[in-house]
1. Hey, what's the Cα Rg ratio for the chain versus the globular rule of thumb, 2.2 N^0.38 Å?
2. Which whole-number value in Å³ per residue fits the convex hull of the alpha carbons of segment 96-152?
3. Compute the Rg to Rh ratio over segment 53-138 from the alpha carbon atoms, using the Kirkwood formula for Rh, and round to two decimal places.
4. Give me the accessible area per residue for the chain, probe 1.4 Å, as a whole number in Å².
5. Taking the highest mean first, how do the peptides 16-29, 51-64 order by number of other beta carbon atoms within 10 angstrom per residue?
6. In whole percent, how big is the carbon plus sulfur part of the accessible area of the chain, probe 1.4 Å, protein atoms only?
7. Dipole magnitude of the chain about its Cα centre, charges +1 at Lys/Arg Cβ and -1 at Asp/Glu Cβ only, in debye to the nearest 20?
8. Under the rule of -39500 (n - 2.57) per DSSP H run of 4 or more residues, summed and divided by the residues of the chain, what mean residue ellipticity at 222 nm is obtained, to the nearest 500 deg cm²/dmol?
Amino acid sequence: MTPPPTPASRQEPITVRVFTQRFSSTPRGARLARRLAQHQLDSWGVPHGSEASDTAALLVAELAANAVTHGRVPGRDFEVTVKLLGRTLRIEVSDTRGELRPLAPGAPRPAPRPLAETGRGMLLVEALADRWDVLDRVPVGKTVAAELDLPR
């Protein structure tokens, strides 16, 4: 029989929660993705209106808008996955257009024109997320993943 664990060796169990949904590659699909992600977070204990919920909503909104605007292939959907991994929230948005990829995290970006209405999306992602990356999606496309460290 094994002895009971000592207090120093006890670890808090990690709960993993996953929400995955495909949406039509339209502005309406992007709005729905944001709303459903926020609703799912609320059911997981990240309440509406909290800083974590608002930041996650902005990340989902921006990544979904990018998927609809830059990653759209006619007749193909985009996919949103939200994972709660212990105290880390991971948001993944996948589209089927692999050849148009945002610059890597930390790469120098050209300054957007002062009156331009586009070109600032990944700057927002970089400012809001604790980490983010662009990954290949098998069999086709790309996934942009952003992570937030949630407060205790």
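1. 1.18
2. Working: hull volume 6.2 nm³, N = 57.
Per residue, the Cα convex hull of segment 96-152 comes to 110 Å³.
3. Values: Rg = 13.3 Å, Rh = 14.0 Å.
Value, to two decimals: 0.95.
4. 63
5. 51-64, 16-29
6. Values: 5210 of 9560 Å².
About 54 percent, which is the carbon plus sulfur part of the accessible surface.
7. With only Lys, Arg, Asp and Glu charged at Cβ, the dipole is about 280 debye.
8. So the helix-based figure for the chain works out to -9500 deg cm²/dmol.
The values are calculated or read from the model by the stated rules, or taken from the named source; none is laboratory data. In this text, all values refer to a predicted model and were calculated from it rather than measured experimentally. Cβ sites come from the backbone with ideal geometry, for glycine too, and all protein chains shown count toward neighbours. Just so you know, the surface numbers come from the protein's heavy atoms only, side chains and all, with ligands and any DNA or RNA stripped out. Shrake-Rupley method; radii C 1.70, N 1.55, O 1.52, S 1.80 Å.
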